[in-house]
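Trainee: I'd like to ask you about the structure that follows.
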Amino acid sequence: MKKGPGLFSDFGKKAKDLLNKDYTSDQKFTISSSSYTGLALVSNIVNKGGLSSGDVAAQYKHQNAVVDFKLDTESNILTTLTITDLHPSAKTVASFKLPDYNSGKLEVQYFHEHATVATAVGLKKSPAVDFSATIGTPGIAFGAEASYVTSSGEFTKYNAGVNMTKPDSNASVVLADKGDSLKVSYLHHLNQLNGGAVVGEIARKFSTNENTLTVGCSYLVDPHTLVKAKLNNHGNLGALVQHELRPKSFLTISGAFDTKALEMTPKFGLALSLKP
């Protein structure tokens, strides 16, 4: 598939990942393995609020097709089939979840040098239709997305935005929630942080006149250790340390507390991901 402006869902993704990815207040254990035949297995166990849950997932790759299968402790079964190169610039994704027989969805993504289009349709009698499109280049792109429910004849979502990317920075502006919220983010990689980055995000909710400013950073202590921190104007502070125990095996310790309510107990999370 050709390199173009990318999907609308990727607008601001780098900033969002730095501010949210790997932060947790739960305890999670993951073990995964793979074979030369294209089969990969992943098992997860999560303890959240004293309640434990888990799932087992398998992925099989063969030529231009990928099949994902996941079974969780609630007896839900999720199956996803992804096929690339049906057309040189197209990607097709089909998914369904049991026992919810109405959860099936078919998605088609088309990538062009200066445009990207994605359409997803629910596989039921009165499906919801999701559509997104972007135009531009890998450096700057304009895009929009919408969701339409055929049963009610209403749009449940329509968003628009612009995304700018340079080798060492990324900026995005997204108008979401049917025009009720605006989110502006900027991420910049700094050599002073050993390949880490700083990020700032401003989110405004027009209906409630509420503003949230969040700043964060990541720092590579050494090739195997990453430190991240974030703070918003409401006083919520979060930090994490992630260490690579061995190739593709990570230990992550994170914490969060309210600086405006120091009498409250801080939240801590632990995640161990092993790949023998």
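Trainee: Arrange the peptides 11-22, 130-141 so that the one whose residues have, on average, the most other Cβ atoms within 10 Å appears first.
Mentor: Ranked by mean Cβ neighbours within 10 Å, highest first: 11-22, 130-141.
Trainee: Now a separate question. What does the convex hull of the Cα atoms of region 147-276 come to per residue, in Å³, rounded to a whole number?
Mentor: Considering the Cα atoms of region 147-276, their hull volume per residue is 193 Å³.
Trainee: For region 76-119 and region 152-169, what is the centre-to-centre distance using only Cα atoms, to the nearest Å?
Mentor: That distance is 19 Å.
Trainee: Let me ask another. When a/c is below 1.5 the answer is rounded, else prolate if a/b is larger than b/c, else oblate, so apply that to region 110-183 with a ≥ b ≥ c taken from the square roots of the Cα gyration tensor eigenvalues.
Mentor: Oblate.
Trainee: Any idea what % of Cα-Cα pairs in region 8-274 are farther than 25 Å?
Mentor: Of the Cα pairs, 61 percent sit more than 25 Å apart.
Trainee: For region 46-119, state which trypsin sites (Lys or Arg not before Pro) are in a DSSP loop and have at most 14 other beta carbons lying within 10 Å of their beta carbon.
Mentor: The qualifying sites: there are none.
Trainee: Return, for the Cα atoms of region 58-113, the radius of gyration and Dmax in Å, separated by a comma.
Mentor: 13.0, 43
Trainee: Under 12 Å from the Cβ of Ser43, count the other residues' Cβ atoms, weight Lys and Arg +1, Asp and Glu -1, and hand me the total.
Mentor: +1
Trainee: Excluding Pro99 itself, what net charge comes from residues whose Cβ is under 15 Å from its Cβ, given Lys and Arg +1 and Asp and Glu -1?
Mentor: Net of charged neighbours comes to 0.
Trainee: Something else now. For a quick check of understanding: with a 1.4 angstrom probe and all protein chains in place, what accessible area in square angstrom does His62 have, to the nearest ten?
Mentor: Its heavy atoms expose roughly 100 Å² to the probe.
Trainee: For the chain, what does the relative contact order come out to in percent, with C-alpha contacts under 8 Å and a separation of six or more?
Mentor: Once normalised by length, the contact order is 16 percent.
Trainee: If I ignore ligands, DNA and RNA and count only protein heavy atoms, how much of Ser34 is accessible to a 1.4 Å probe, in Å² to the nearest 10?
Mentor: 80 Å²
Trainee: Calculate the spin-label point distance for Ile77 paired with Leu272, positioning each point 7 Å from the Cα along the beta-carbon direction, and give it in nanometres.
Mentor: It is 3.2 nm.
Trainee: So with the 1.4 Å probe, I'd like the accessible area per residue for the chain, rounded to whole Å².
Mentor: Using a 1.4 Å probe on heavy atoms only, each residue of the chain averages 60 Å².
Trainee: Given DSSP loops and a limit of at most 14 other Cβ atoms within 10 Å, what is the longest stretch of the chain that contains no such GluC sites (Glu not before Pro)?
Mentor: Result, exposed sites excluded: 114-262.
Trainee: Considering amide H positions built from the backbone, and no H for Pro or chain starts, which residues 5 or more places from Asn76, or on another chain, come under 5 Å of its amide H?
Mentor: Placed amide hydrogens put nothing under 5 Å from Asn76.
Trainee: When a/c reaches 1.5 or more, the comparison of a/b and b/c decides; with that in mind, is region 201-276 rounded, prolate or oblate per its Cα gyration tensor?
Mentor: Judged from the Cα gyration tensor, region 201-276 comes out prolate (a/c at least 1.5, a/b above b/c).
Trainee: Can you work out the FRET efficiency for the pair Ala65 and Val221, with r the C-beta to C-beta distance and R0 = 30 Å, to the nearest 0.05? Write out the running numbers ahead of the final one.
Mentor: On the way: r = 40 Å, r/R0 = 1.34.
The calculated FRET efficiency here is 0.15.
Trainee: Would you calculate the separation in nanometres between label points at Ser126 and Leu106, each defined as 7 Å from the Cα along the Cα-to-beta-carbon direction?
Mentor: Taking the two extended label points, one gets 2.1 nm.
Trainee: At 1.4 Å probe size, with the rest of the protein present, what percent of the exposed accessible area of region 14-98 is carbon and sulfur atoms?
Mentor: 59 percent
The values are calculated or read from the model by the stated rules, or taken from the named source; none is laboratory data. Quick caveat: nothing in here was measured; it's all calculated off a predicted structure. All Cβ positions, glycine included, derive from the backbone under ideal geometry; neighbour counts span all protein chains shown. The protein model used for the area step is the full one, side chains on, heavy atoms only, and it has no ligands, DNA or RNA in it. Shrake-Rupley method; radii C 1.70, N 1.55, O 1.52, S 1.80 Å.
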